[in-house]
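Heads up: the structure comes next, in structure tokens.
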Amino acid sequence: MKPKIVVIGGGTGSYTVLQGLKHYDYELTAVVSIVDDGGSSGRLRDEFGHLPPGDFRKCLLALSPSDQEGELLRRLLEYRFDHGDGLSGHNFGNLLITAMTEITGNPLETIKAVSKLLNIDGKVLPVSTEDTRLVAVLEDGTIVHGETNVDIRTVNPDVAISSVYLDPPAHVHPETQQAILDADFIVLAPGDLYSSILPNLLVKGVPE
């Protein structure tokens, strides 16, 4: 029986870990943070109200076969527009995931559909399907909303962060929780503290 490995993280960190692990005979599941509010993901989240697609896309691409046949599709899903009114800065894969979620009405169905499209070996799951945001409380009592604002802080940048929480509180998705419970190994992917690591560990049902 294949060892079951769950990789918990965000985009680039999980991408790197999954790229390495997929060459071994493991059953891989990527558990993805859902608080990203920057760049293309943040714009699409604000405009359409779906979970931010960027980290899903990165992990799906990491688990896709490394063959020549799928190379054009991978390049297409990584393509970023650098001009055009409204399109500049957007990633095509993010647009595709958002459009599919508009059609399915369900982010999990979208992830499964793109998984089949890319013929991935493994699963990608959101840590939660709830629309939540990262909030930080500074030592002087200032409250900073949003992962990007916490991560690249211009508000009182010299004041330390005393605590972080999710607003509203989020609960782990049942399928994700079961994958964590069934895992033989759990890998906490290296990545940004406020976009990849803490948002996952703040979801009720994950640390336990």
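So here's what we get for this one:
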| read-out | value |
| --- | --- |
| Per residue value of the accessible surface for the chain (all protein chains in place, 1.4 Å probe), Å² | 50 |
| Fraction of antiparallel bridges per DSSP, segment 134-208 only, in percent to nearest 5 | 90 |
| Net length gained if the chain between GLU71 and PHE48 were fully extended (0.36 nm per residue, minus Cα distance) | 5.4 nm |
| For ALA30, residues with placed amide H under 5 Å, excluding near neighbours | VAL7, LYS123, VAL124, LEU125 |
| Vicinal HN-Hα couplings computed from phi for segment 148-164 (Karplus, 6.51 cos²θ - 1.76 cosθ + 1.60; Hz; Gly/Pro x) | 5, 5, 6, 5, 10, 8, 9, 8, 6, x, 8, 9, 5, 7, 8, 7, 9 |
| GNM flexibility winner over the chain from LEU63, LEU96, LEU51 (Cα, springs under 10 Å) | LEU96 |
| Among ILE97, ILE161, ILE152: highest mean-square fluctuation, GNM of the chain, C-alpha pairs under 10 Å | ILE152 |
| The chain: most fluctuating residue of SER163, SER40, SER66 per GNM, C-alpha cutoff 10 Å | SER163 |
| Cβ charges +1 (Lys, Arg) and -1 (Asp, Glu), total dipole of the chain, debye | 420 |
| Backbone HN-Hα couplings from phi across segment 189-205 [Karplus 6.51/-1.76/1.60, Hz, Gly and Pro as x] | 5, x, x, 5, 4, 9, 10, 10, 9, 4, x, 6, 6, 8, 7, 4, x |
| Accessible area of segment 8-140 belonging to carbon and sulfur atoms, whole % at 1.4 Å probe | 51 |
| Cα→Cβ-extended label distance, 7 Å offset, between GLU208 and TYR24, nm | 3.0 |
| Along the chain, longest interval not containing exposed chymotrypsin sites (Phe, Trp or Tyr not before Pro), exposed being DSSP loop plus at most 13 other Cβ atoms within 10 Å | 80-208 |
| Mean shadow area of the chain over all directions, Cα convex hull, nm² | 12.3 |
| Residue among GLY89, ILE8, PRO169 farthest towards the positive dipole end of the chain, charges placed on Cβ | ILE8 |
| Dipole magnitude (debye, nearest 20) for segment 12-101, charges at Cβ of Lys, Arg, Asp, Glu | 40 |
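The values are calculated or read from the model by the stated rules, or taken from the named source; none is laboratory data. In this text the structure is predicted, and so the values were computed from the model without any measurement. Reconstructed Cβ throughout: ideal geometry from the backbone, glycine too, with neighbour counts over all protein chains shown. Heads up: the accessible areas ignore ligands, DNA and RNA and are worked out on the full protein's heavy atoms, side chains in. Shrake-Rupley method; radii C 1.70, N 1.55, O 1.52, S 1.80 Å.
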